[in-house]
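The values are calculated or read from the model by the stated rules, or taken from the named source; none is laboratory data. The structure displayed is predicted, hence computed values, not measured ones. Note that each Cβ is placed from the backbone with ideal geometry, even for glycine, and that neighbours are counted across all protein chains shown.
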Amino acid sequence: MKHQAPESEFEDEEPQIKPLTPEEAAEWRKRQPKMSMWRVLAVQALVGVAVALVAWWFVGRAAGWSAAYGALAIVLPAALFARGVARNSGRAANAPGAIARLFAWEFVKLVLCIAMLAAAPGLVPNLHWLALLAGMVVTMKTYWLVLLAGRASVRKTD
């Protein structure tokens, strides 16, 4: 048997989510890290090169090129996405239009990545699929490290 509290007991409580005042919102924005998407892309590209060099060193030349192509299949579409989003972000458009553009650029990014993967066997001689996958996954997940590192640097200064 459950005990139900009368509704009047909940009416006196403050709402769980309280909207911020403009001053509080401005203060919150000051405390948040300003992360450039171009910085994230640059770190992803560097990590992709590092993965390719490690694959080349330990497995061989074909694995190195395969890992590099896997990294490129992530970085190139992401750069196109970033360029498209950055180009459209200056417009004073309505929110639904901005969201639609964001989804459109995400779709372009996804299609380009799939097309690059489909073209990989013809473009990369002696394709090493495991190295290609490693290059892709490590490069793709790098942005989490960049975001965490950026967040940690903000905490140190607070």
Taking region 28-52 and keeping residues at pLDDT below 85 and in a helix (DSSP H, G or I) leaves Trp28, Arg29, Lys30, Arg31, Met37
Q: Kindly indicate whether Leu112 is more than 13 Å from the chain's Cα centre (by Cα) and under 16 Å from Ala62 (Cα atoms).
A: no
Of the residues in region 100-114, those that are β-branched (Val, Ile, Thr) and touching a residue at least 24 places away in the same chain (Cβ under 8 Å) come to Val108
